[in-house]
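Structure first, then comments.
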Amino acid sequence: MKNKKLRFRQVHLDFHTSPVIEGIGTAFDKKQFQNALLEGHVNSITCFSSCHHGWSYHPTVKGTIHPHLNFDLLRAQMDAAHEIDVKVPVYLTAGVDNMIAEKHPEWREINHKGQYSGWVSSTLEPGFKTLCFHSPYLDYLCGKIEEVVRQYPDADGIFLDIISQEDCCCEFCMEEMKQNNLNPLSKEDRLKNARSGLEKYYKRTCEAVKSLNPDMPVFHNSGNIPMGRRSVFQWFSHQELESLPTGGWGYDHFPLTARYASTTGQDFLGMTGKFHTTWGEFGGFKTADALRYECAAMIALGAKCSIGDQLHPQGLMDSSTYRIIGEAYKEVEEKEPWCVDAVGCADIGMLSCVANKERLTDLWDPSNRDHSADVGASRFLLEGHYLFDVIDDECDFSRYKVLVLPDEIKVDSYLKQKINTYLSSGGKLFLSGESGLDEEGSPLFDLGADVGDESPYSPDYILPEIKYQPDNIDSPMVMYAKSRRLVVKEGISLGSVLDPYFNRAYDHFCSHQHAPFDPDKTEFSCGVRKGNILYLPHRIFTLYRSYGAVMHRQFLERAFHDLMKNDFSVTTNLPSTARLVVNRQERESRTVIHFLYGNTVTRGGGMALVGGVGGEGVPPRSVEIIENLLPLSNVELSIKMDKPSQVYLEPQHLEPEFYEWKDGVLTVKVDTFTCHQMVVAED
């Protein structure tokens, strides 16, 4: 049996090819294909059976071969790759298929207004069309999957893309809802029907694969890991975390999703792209330094790597692309021994708003990859170099010293009981905004304070007590938004709230933005701590995501450290723009510390993405890039651990400039590093 573990250095080779382009695959050359993979240090490549245009790239009875392809391109790619020990998972489009949508328009998704759903609604728009899983399209898709598994038993997996099911009102969904006594006029019932369609898809497609080859890996891509939806993980052999920093995801998206994926127990890889923007871009290139950093971040966070590329219709691999990929993957290849089966260390469990069960109503919402409270909390934790996991309520809370519930976590009876058990065992709890409040806005935990309605003022100001004040600031700080009215009774107040003179209105306003603060303090507090519970009444993580104010982060840090009594496993002098990860390799009896530094800059300002990754309603944006990697000097770190037998830097195989172990703490100093440095401490 083949080793089914994911490899570290994968390429995802897109091949969505128009039927009006001729000469498909005519420039494919086995040696040129192999040489590109070797130059790129690639050891796994996803190749296409079928694309979003609907065409197959091999002889087929169930599908339709591209009209200008006259040989088995998939077999040629697979044989060439296997000959040099490169794995080949096989890609099939699933739910997006223009050829079949035009042949069977009755299989298309239709919204409750009677319009076609999907990436395009008009026949005059260029773009891809989505199909409904309650329609006979699912039979067609499963037939194609079975055919591929039979024709290519040596495939190294099945990659199905891009899985979604809207609250469709096509004739098949209307009949399905009728049979199940669901009301199509009710969005809740339409979503219930959509969920059953998605469940049907997972079951049928996995059966199509596993009935023929029980050991064949299967992955279903929806543009993001389905956080909180653990019931669907039974249908996944692994996870692939699509996260293209320059394509709209940004550089802080992958750490958030990776820290959740690491809690699932499944093997996973990160997926970036070689593109300057995102999928579908021909002739766009990311710098080698950017890929070096992105891949280093993946392996540090416990993931394998996948880099997206797009094959030219003639089948010729792009030499520039694989030269750039090779710069990153040759470093990954060197570092793999210190990343195999590595498990992240964490002091903190951050409950995700996206994964909060009370929020899990819609099946797939692209905005979930950018939830403000999650992003703000993750950035705060990343920039403070805290060790954390992103979790849902099915995780084991006892692993963590503190739970962070950012801004919008709704606590049901199950989660409340689980948190109470955790607190009774000495755990700590950090709440903000609406988290931990019931539907009436009353606290579900003993905060030592009363929580009232939202303030009528926006924004308001806070004047923290001295120990919580940011650097050099002892004046009231604007919070840019409303807060809950918090009156401290038995807990410790973190400081006062000051209201503005008035809200801005046509008949009374002051200056360009908001009114200044009224110097008279209110009776309300900007935070409270009672024992092991901290509560801040502002949606502070959403604020931090939106405004990025350093003073907000420093206030958060001081409040957080007070709750924790500075009981953190690691302290470091890394700047907030650097990243820190600590992993454990139990089999090798060693701890691996990762320093990461990629200095990002914002360029452009009018980038507009289309074709399923942008378009109507998505504003033009700037792009966050890494052009050059700069060295970082005089890095220090202290970590609580038993006395190590040896400490060394990898992959240099050298001792650090300085290290000592004293009183249960290892202190390490690194003179300088660029991009990524591993410090290894063996037991």
TODO: Restrict the check to the range 77-98 and report whether at least one residue is assigned to a loop (DSSP other than H, G, I, E, B), surrounded by 15 or more Cβ atoms within 10 Å (Cβ to Cβ) and basic (Lys, Arg).
DONE: no
Open item on the list: Given (1) of a type in the set (D, E, K, R); (2) in contact with a Leu (Cβ under 9 Å, 6 or more places away or on another chain); (3) under 22 Å from Lys187 (Cα atoms); (4) surrounded by fewer than 21 Cβ atoms within 10 Å (Cβ to Cβ), identify the lone condition not met by Lys113.
Closed with: (2)
TODO: Looking only at the range 35-76, count how many residues are over 17 Å from Val148 (Cα atoms) and outside any loop (DSSP other than H, G, I, E, B).
DONE: 6
TODO: Could you tell me whether Gly25 is under 22 Å from Val332 (Cα atoms), among the small types (Gly, Ala, Ser) and touching a residue at least 40 places away in the same chain (Cβ under 8 Å)?
DONE: no
Task: Single condition Gly441 does not satisfy, out of (1) outside any loop (DSSP other than H, G, I, E, B); (2) under 31 Å from the mean Cα position of the chain (by Cα); (3) farther than 30 Å from Arg399 by Cβ; (4) of a type outside the set (A, V, I, L, M) - done: (1)
Task: Residues of the range 189-208 satisfying the condition of being within 24 Å of Trp119 (Cα to Cα), touching a residue at least 40 places away in the same chain (Cβ under 8 Å) and not hydroxyl-bearing (Ser, Thr, Tyr) - done: Arg190, Leu191, Asn193, Ala194, Arg195, Gly197, Leu198, Lys200
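Conditions tested, residue by residue: (1) in a helix (DSSP H, G or I); (2) at pLDDT below 95; (3) of a type outside the set (Asp, Glu).
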{"residue": "Cys169", "(1), (2), (3)": "no, no, yes"}
{"residue": "Phe172", "(1), (2), (3)": "yes, no, yes"}
{"residue": "Gly197", "(1), (2), (3)": "yes, no, yes"}
{"residue": "Cys206", "(1), (2), (3)": "yes, no, yes"}
{"residue": "Asp215", "(1), (2), (3)": "no, no, no"}
TODO: For residues that are in contact (Cβ under 8 Å) with a residue 60 or more places away in the chain, in contact with a strand residue (DSSP E or B) (Cβ under 8 Å, 6 or more places away or on another chain) and within 11 Å of Cys170 (Cβ to Cβ), tally how many sit in the range 113-148.
DONE: 1
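Taking the condition of being charged (D, E, K, R) and more than 24 Å from His12 (Cα to Cα), how many residues in the range 309-355 meet it?
Here the count works out to 1.
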Open item on the list: When you check Gly426 against the structure, is it outside any strand (DSSP E or B) and surrounded by fewer than 23 Cβ atoms within 10 Å (Cβ to Cβ), yes or no?
Closed with: yes
Task: Residues (part of a strand (DSSP E or B), farther than 10 Å from Asp450 by Cβ and of a type in the set (A, V, I, L, M)) located in the range 466-490 - done: Met477, Val478
Task: Test for Glu660: is it modelled with pLDDT of 95 or more and over 25 Å from Glu333 (Cβ atoms) - done: yes
- [ ] Please state which of the following conditions Tyr544 fails to meet, knowing it meets all the rest: (1) out of contact with any strand residue (DSSP E or B) (no Cβ under 9 Å at 6 or more places or on another chain); (2) buried (at least 18 other Cβ atoms within 10 Å of the Cβ); (3) free of Cβ contacts under 8 Å to residues at least 60 places away in the same chain.
- [x] (3)
- [ ] Only one of these is farther than 21 Å from Phe524 by Cβ, of a type in the set (Gly, Ala, Ser) and without any contact (Cβ under 8 Å) to a residue 60 or more places away in the chain: Ser458, Ser511, Ser475. Name it.
- [x] Ser511
Task: Selection count, the range 290-324, where residues are assigned to a helix (DSSP H, G or I), touching a strand residue (DSSP E or B) at 6+ places or on another chain (Cβ under 6 Å) and surrounded by fewer than 24 Cβ atoms within 10 Å (Cβ to Cβ) - done: 2
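The values are calculated or read from the model by the stated rules, or taken from the named source; none is laboratory data. This is a predicted model, so every value here is computed, not measured. Cβ sites come from the backbone with ideal geometry, for glycine too, and all protein chains shown count toward neighbours.
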